[in-house]
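Enquirer: Here it is: the structure, laid out below.
The values are calculated or read from the model by the stated rules, or taken from the named source; none is laboratory data. Computed from a prediction, not measured in an experiment: that's the story for all the values here. Positions of Cβ are generated from backbone atoms using ideal geometry, with glycine treated the same way; all protein chains shown enter the neighbour counts. Keep in mind that these areas ignore ligands, DNA and RNA; they rest on the heavy atoms of the full protein, side chains included. Shrake-Rupley method; radii C 1.70, N 1.55, O 1.52, S 1.80 Å.
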Amino acid sequence: MDKITELLTRGVVNIISDKDSLAKKLTTGEKLNIYLGIDPTATHIHLGHAVPLRKLQTFAKLGHHVKFLIGDFTALIGDTSDKDTERPQLTKEQIEENFQTYKKQAEKVLDFSQIEIVYNSEWLSKLDFVTTVKLCRQFSLNDFVSRELIKKRLNNNQHITLLEEIYPVMQGYDSYHMDTDLQIGGADQTFNMQAGRTLQKNWRGKESFVMSTDYLVGTDGRKMSKSWGNAIWLDDTPEDMYAKVMAINDELIIQYYTLATEISLEEIKSIETKLTNGEHPMSVKKNLANTIVTELYSEQKAQEAQNAFEKRVQQKEVPDEIEEVVYPEAFAALSITEVLVQLHLAQSISEAKRLIQQKGVKINTKAVQDFGTLREYSSGNEIFLQVGKFKFRKIVIK
């Protein structure tokens, strides 16, 4: 399989207007304007985001003009393309705080010496109302309300703001402003990305393309998401990342090899054949976890993570070295949910509550039953906290 064919098929759900036209354009030697956008609505990038990031990097290696767009302005609204409810509105300060870690995480996949970073506040914040009116005239409300999740929310009498309807218009203007030839994004972004095609065609008379990438299934069987607490984060420790990959269903092994690694399709086909012929999924999954951690960290970190996993899980041992944190007595008065968030063992209070309800939190080897304070579970000054099978902390109260 040649590079162009693999680029346009591996992990790709759809290409609009069509794959053959884009393939033909790519073989002419013309350098295309290509971008991928991400809204900093959380502090982390997960492994699912890496699917379109890998596409972006491949286009950069081919010499195209590639941009990584930070949606610092659109994040003020929040995209609900894959959400059942309206997103909570973020402040500028929250968005700025979230962005601080984005570039460092994205560098695990992207080479920013080949890719330009841009911020859509640079142009969206300067739009006047006349231009906004002209923009909105290019789109139909019927198209927006006919989307499946929007119809569901309307049928359930849920609140939908006018801002949510404007979000695709804003994303479309991003594409127009940068004179984009190709937009890359997850499949749930297809509607929004088509807004850019509309503006390019109506205002420039230019044909542009949309590439929708497949989504990676998360640890709970749903699409990997910042909001659902089922993600493998790019800034997870090597040990946590390895363990989370080992926890996925066996049916997802080939999908993870295809979407979350640089392993060749020929090798993946060989792995699939081995599984079909009866090779135990555990050994194949270990290789998968090792590969993912190696690509995002290093071979040494991957081997250390594998050793730690085998010791903790397969040999049912507590690790010799547990991260120790020291806090004053006031820390022991915090609720267990607050403790989990402060120690970065849960992304949010709601995720912490879910972990406790699922009996996934232990203090001094005993499962936490409710949302009481840390001190209610231990009167000592050394407290051993375990979350799931893989995360341990030693809390020292002084």
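Enquirer: So how far apart, in nm, are the two label points at residue 396 and residue 163 if each is 7 Å from Cα heading toward Cβ?
Expert: 4.6
Enquirer: Continuing with this model, one more query. Which residues in region 359-398 place their backbone N less than 20 Å from a point set 7 Å from the Cα of residue 304 along the Cα-to-Cβ direction?
Expert: 390-394
Enquirer: Report, in debye and to the nearest 20, how large the dipole of region 154-266 comes out about its Cα centre when Lys and Arg carry +1 and Asp and Glu carry -1 on their Cβ.
Expert: Details: 8 positive and 17 negative charges, 117 e Å.
It comes to approximately 560 debye.
Enquirer: Could you pull out the pairs from 92/301; 134/206; 25/134 whose alpha carbons sit more than 29 Å apart here?
Expert: Details: 92/301 36 Å; 134/206 18 Å; 25/134 31 Å.
The pairs that break the limit, which is 29 Å between Cα atoms, are 92/301; 25/134.
Enquirer: Relative contact order of the chain, please, whole-number percent, based on alpha carbon pairs below 8 angstrom and at least 6 residues apart. Don't skip to the answer; put the middle values down first.
Expert: Values: 607 pairs, mean separation 59.7, N = 398.
About 15 percent, as a whole number.
Enquirer: Further question: Can you tell me the accessible area per residue over region 322-371, all protein chains present, probe 1.4 angstrom, in square angstrom?
Expert: Working: 2790 Å² over 50 residues.
With all protein chains present, region 322-371 gives 56 Å² per residue.
Enquirer: Under the 0.36 nm per residue contour assumption, what length would be gained going from the current alpha-carbon distance of residue 3 and residue 265 to full extension?
Expert: Numbers: separation 262, 0.36 × 262 = 94.32 nm, distance 1.13 nm.
The span from residue 3 to residue 265 would gain 93.2 nm if fully extended.
Enquirer: Quick one: with all protein chains in place, what share of the accessible area of region 141-292 is carbon or sulfur, to the nearest percent (1.4 Å probe)? Display every interim value, and only then the final one.
Expert: Values: 3220 of 6600 Å².
Result for region 141-292: 49 percent of the exposed heavy-atom area is carbon or sulfur.
Enquirer: Within 10 Å of each candidate Cβ there may be at most 12 other Cβ atoms; applying that plus a DSSP loop requirement, which trypsin sites (Lys or Arg not before Pro) in region 280-369 survive? Walk me through the intermediate numbers first.
Expert: On the way: sites: 285, 286, 301, 311, 312, 316, 353, 354, 359, 362, 366; in loops: 316, 359.
Sparse-neighbourhood loop trypsin sites (Lys or Arg not before Pro): 316, 359.
Enquirer: Apply 1/(1 + (r/R0)^6) to the Cβ-Cβ distance of residue 136 and residue 249, taking R0 = 41 Å, and write down the FRET efficiency to the nearest 0.05.
Expert: Values: r = 44 Å, r/R0 = 1.07.
Efficiency computed from Cβ-Cβ geometry: 0.40.
Enquirer: Classify region 257-368 from the C-alpha gyration tensor, please: rounded if a/c falls under 1.5, else prolate or oblate depending on whether a/b exceeds b/c. Display every interim value, and only then the final one.
Expert: Numbers: a/c = 2.34, a/b = 2.28, b/c = 1.03.
Prolate, because a/c is 1.5 or more and a/b exceeds b/c.
Enquirer: Continuing with the same structure: Order of 157-163, 2-8 by packing, highest average Cβ count within 10 Å first? Don't skip to the answer; put the middle values down first.
Expert: Details: 157-163: 11.1, 2-8: 13.4.
Per-residue mean Cβ counts within 10 Å order the peptides as 2-8, 157-163.
Enquirer: At a threshold of 8 angstrom on Cα-Cα distance, excluding pairs fewer than six apart, so keeping six or more, what relative contact order does region 240-364 reach in percent? Can you show the working numbers first?
Expert: Details: 73 pairs, mean separation 24.1, N = 125.
Rounded, it is 19 percent for region 240-364.
Enquirer: Between residue 228 and residue 149, what length comes free when the chain is fully extended (0.36 nm per residue of separation minus the Cα-Cα distance, one decimal in nm)?
Expert: Numbers: separation 79, 0.36 × 79 = 28.44 nm, distance 1.66 nm.
My answer for the length gained is 26.8 nm.
Enquirer: Quick check: residue separation of residue 373 and residue 112 times 0.36 nm, minus the Cα distance between them. What number comes out in nm? Could you put the intermediate results ahead of the total?
Expert: Details: separation 261, 0.36 × 261 = 93.96 nm, distance 4.45 nm.
Full-extension gain reported as 89.5 nm.
Enquirer: Can you work out the accessible area per residue across region 222-291, with the rest of the protein chains kept in place, probe 1.4 Å, in square angstrom? Before the final figure, lay out the partial values.
Expert: Working: 3010 Å² over 70 residues.
Accessible area per residue, region 222-291: 43 Å².
Enquirer: In terms of modelled amide H atoms, which long-range or inter-chain residues lie less than 5 Å from the amide H of residue 209?
Expert: When sequence neighbours closer than 5 places are left aside, the close amide H contacts are 182, 183.
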